[in-house]
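Below you'll find the structure, written out as structure tokens, and then a few comments.
The values are calculated or read from the model by the stated rules, or taken from the named source; none is laboratory data. Predicted model, so just to flag it, every value in this text is computed and none were measured. Cβ coordinates were reconstructed from backbone atoms using ideal geometry, including for glycine residues, and neighbour counts include every protein chain displayed.
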Amino acid sequence: LRPGHGFVWHRSKSTGLPDVRERTLIAVKPDGVQRRLVGQIIQRFEQRGFKLVGLKMLQASQDVLSEHYCGLRTKPFYNSLLRYMTSGPVVVMVWEGHNVVQTSRTMVGHTNPAEAMAGTVRGDFSMHVSRNVVHASDSVEGAQKEIQLWFQAKDLVDWDCWVQTSTSE
Ligand code: ADP
């Protein structure tokens, strides 16, 4: 085992954790980007041990957002939510790992930052529900739909192939 290459792969095997490839979509919303929080948010997910498998920065379109938030169309805050989400670029990411959907929701915290625990992203960086810094998929099925909506399969990395290739050099 060489340091760097393949370390995560070998460690997860030795701890006996199942080789789960669950994925979730995390997005830093326009307020998080504007406040320079992208690095700190990425750091939390890396520190926890999750693998970053996709990342891009873009100005979200109305089309993608109306699909992404289709379940909220009837909510009174829907129009202001879309205005907020198009007010600047977002950083959209796909993270992979054991139980990543549920763990990410815990790490991100309550939708309303006023109720979010300290130590969560929203609990540490925000105070109002209309500017809550980050998005995290709320179920495995929801994550699959969101990942397909925001990313093409070719833009996601297969860590197992990459790690196996890089360790067999
Ligand atoms: P979550 O993002 O935690 O999954 P929801 O799916 O309920 O929460 O809501 C989606 C997003 O809509 C929230 O993250 C927040 O940006 C916005 N939102 C939710 N409730 C309100 C509200 N009462 N007022 C303004 N914006 C809201």
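Structural remarks
- Gly39 within 25 Å of Val121 (Cα to Cα), at pLDDT 95 or above and touching a strand residue (DSSP E or B) at 6+ places or on another chain (Cβ under 6 Å): no
- Restricting attention to the stretch 113-126, the residues that are within 14 Å of the ligand (Cβ to nearest atom) and either outside any helix (DSSP H, G or I) or of a type in the set (A, V, I, L, M) (or both) total 6.
- Pairing each residue of the stretch 75-89 that is within 14 Å of Asn132 (Cα to Cα) with any residue that is near the ligand (Cβ under 7 Å from one of its atoms) and of a type in the set (A, V, I, L, M), provided the two are 6+ apart or on different chains, yields C-beta distances under 9 Å for Phe77/Val129; Leu81/Leu72.
- Residue match in the stretch 66-73 (condition: of a type outside the set (D, E, K, R), surrounded by 14 or more Cβ atoms within 10 Å (Cβ to Cβ) and at pLDDT 95 or above): yes
Quick grid of which residues meet (1) of a type in the set (Asp, Glu); (2) within 11 Å of the ligand (Cβ to nearest atom); (3) within 23 Å of Asp155 (Cα to Cα):
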site	(1), (2), (3)
Glu46	yes, no, yes
Val53	no, no, yes
Ser66	no, no, yes
Tyr84	no, yes, no
Val90	no, no, yes
Met93	no, no, yes
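- Residue in the stretch 127-139 that is under 17 Å from the mean Cα position of the chain (by Cα), more than 16 Å from Val38 (Cα to Cα) and more than 11 Å from the ligand (Cβ to nearest atom) present: no
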